[in-house]
1. Ranking Leu72, Leu51 by Cβ neighbours within 10 Å, fewest first, what do you get?
2. Identify the chymotrypsin sites (Phe, Trp or Tyr not before Pro) of region 16-72 meeting these criteria: DSSP loop state and at most 14 other C-beta atoms within 10 Å of the C-beta.
3. So which GluC sites (Glu not before Pro) in region 14-80 end up in coil per DSSP with only 13 or fewer other C-beta atoms within 10 Å?
4. For Asp18, which sequence-distant residues (separation of 5 or more, or a different chain) have an amide H within less than 5 Å of its own amide H, given hydrogens modelled in the peptide plane?
Amino acid sequence: MRTMDFTTEQPDCCQVGDYLEVEENQLPTSYWYMLEHAYGASTNYKNRERLQTRRGKVTKIWKDDRFNYITLEFDEEDVK
């Protein structure tokens, strides 16, 4: 399984156990992902780190001192 964190301004947009779709966006040298309905965005990932699937399961909703996060788990091998 592979997990990814998405920053969000709407942590109450979903619940643990929900499935969300993600959209891939390309930059000149990397990729980033947007949660459906623009609920949140990922950091940038290199070409070799691209997602193979576009649907993930919410496993955690949390926050730190600066941001709210939604963690999704994808049914694919983790990239190291």
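Values in this text are rule-based calculations from the coordinates and carry no lab data. On a predicted model such as this, the values are computed, not experimentally measured, just so you know. Cβ: placed from backbone, ideal geometry, glycine included. Neighbour counts: every protein chain shown.
1. On the way: Leu72 25, Leu51 19.
Result, fewest neighbours first: Leu51, Leu72.
2. Details: sites: Tyr19, Tyr31, Trp32, Tyr33, Tyr39, Tyr45, Trp62, Phe67, Tyr69; in loops: Tyr39, Phe67.
Sparse-neighbourhood loop chymotrypsin sites (Phe, Trp or Tyr not before Pro): Phe67.
3. Details: sites: Glu21, Glu23, Glu24, Glu36, Glu49, Glu73, Glu76, Glu77; in loops: Glu76, Glu77.
Loop-located and lightly packed - Glu76, Glu77.
4. Those qualifying (amide H under 5 Å, at least 5 residues apart or on another chain) are Val58.
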